[in-house]
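The values are calculated or read from the model by the stated rules, or taken from the named source; none is laboratory data. As the structure is a prediction and not an experimental result, all values here were calculated from the model. All Cβ positions, glycine included, derive from the backbone under ideal geometry; neighbour counts span all protein chains shown.
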Amino acid sequence: MKSKLFFYLIISFVITSSCTFLGKEENTTNVARVNNHYLSREALSEHISSNLSKIDSNVAARNYIQNWARDKLFLDRAKLNLPQEQQFYFRDLSKRYEEQLFKKAYKDALIEKQLKIQIDSSEIASYYQDNISNFKLNEDLVHLRYLQLDKKMKSSRDIKRKFVRFNAEDMLSLQEKSLEFKSLSLNDSIWVRVSDVVKEFEENKGIQLEKSEISKVNSFLEFENESDVFYFYTKDFLKRNDQAPLSYVRPTIEQILLNKKKINISKIIDKEITKDATKNNEFEVY
């Protein structure tokens, strides 16, 4: 009971004098003690923001000291009261976890050093063909382009004609006028999820698109709201369970091949480390 009272007297003194221990030099380098644990003035300062006012700084210091003290008290009580067998188990567990962290970090560094970041396109194509039956779509995709322009735009008829026809000259002409449009996307060679298109226009444009409307290949759509006109053109469409195009699953295949390379390199490292250690007389079996 006396030791507990002594501890709280120490903490109370530190808290009361907290208005000075962060502001100027003190004779002691420590601001609190719990048994054999000491909290230094420097360690406390690292956890107190320099942007705080003097009053807020004192409050933050008091809170940190209380939390620090509580943590150390629980730790000491645990070491005092928990069975030795359980404490040995925890220390062993902690040691093995630390070793795993060191080994993983070192091994990952070796793998990254040997790993080619770029996966060859021929590897991707080959894997795709060998596993083509596994690449089925689980959602609808669309090749789509769109324009959003002001209703008052004088050249809207010409823009509409170029947007629908969309030859090389039309595409260049529309790109050159891109700053005149409120929004646009002319790259209709990228597969995008139909659900994303519907959500984007409903939430950000106030346009209600139906999947049935944008699923018709080579079809043009026109919508209006109070101030704007929207042009849509569906170039191509793929439905759920269709064969997934290589361009769409390419990132997935790249990651699969990258993981395979990592596994192979890891196996080589596992073999070489013991081989090299034996050669350098670092590893012996008696």
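Annotations for the structure displayed:
- Residues within region 152-181 that are aromatic (Phe, Trp, Tyr), on the phi < 0 side of the Ramachandran plot and outside any helix (DSSP H, G or I), tallied: 1
- Qualifying residue in region 12-30 (condition: modelled with pLDDT under 90, part of a helix (DSSP H, G or I), out of contact with any Asp or Glu (no Cβ under 6 Å at 6 or more places or on another chain) and aliphatic (A, V, I, L, M)): yes
- Meets criteria (touching a residue at least 24 places away in the same chain (Cβ under 8 Å), out of contact with any strand residue (DSSP E or B) (no Cβ under 6 Å at 6 or more places or on another chain) and among the acidic types (Asp, Glu)) for residue 180: yes
- For region 192-221, the set of residues classified as in contact (Cβ under 8 Å) with a residue 40 or more places away in the chain and surrounded by fewer than 18 Cβ atoms within 10 Å (Cβ to Cβ) consists of 192, 193, 195, 205, 211, 215, 220, listed by residue number.
- The single condition among (1) surrounded by 11 or more Cβ atoms within 10 Å (Cβ to Cβ); (2) closer than 15 Å to residue 262 by Cβ; (3) of a type outside the set (A, V, I, L, M) that residue 113 does not satisfy is (1).
- Of the residues making up region 244-256, at least one is touching a residue at least 24 places away in the same chain (Cβ under 8 Å), buried (at least 18 other Cβ atoms within 10 Å of the Cβ), in a loop (DSSP other than H, G, I, E, B) and within 35 Å of the chain's Cα centre (by Cα).
- Some residue of region 211-223 being in a loop (DSSP other than H, G, I, E, B) and of a type in the set (Asp, Glu): no
- Single residue of 51, 58 found to be modelled with pLDDT under 95 and over 25 Å from residue 33 (Cβ atoms): 51
- Segments classed as helices (runs of 4 or more DSSP H), wholly inside region 49-151, with at least 2 members that are polar (S, T, N, Q) and touching a residue at least 40 places away in the same chain (Cβ under 8 Å): 54-81
- Of the residues examined, residue 125 is one that is at pLDDT 90 or above, under 30 Å from residue 264 (Cβ atoms), in contact with a helix residue (DSSP H, G or I) (Cβ under 9 Å, 6 or more places away or on another chain) and among the small types (Gly, Ala, Ser).
- Evaluated against (1) surrounded by 14 or more Cβ atoms within 10 Å (Cβ to Cβ); (2) of a type in the set (A, V, I, L, M, F, W, C); (3) over 27 Å from residue 251 (Cα atoms), residue 179 falls short on exactly one condition, (1).
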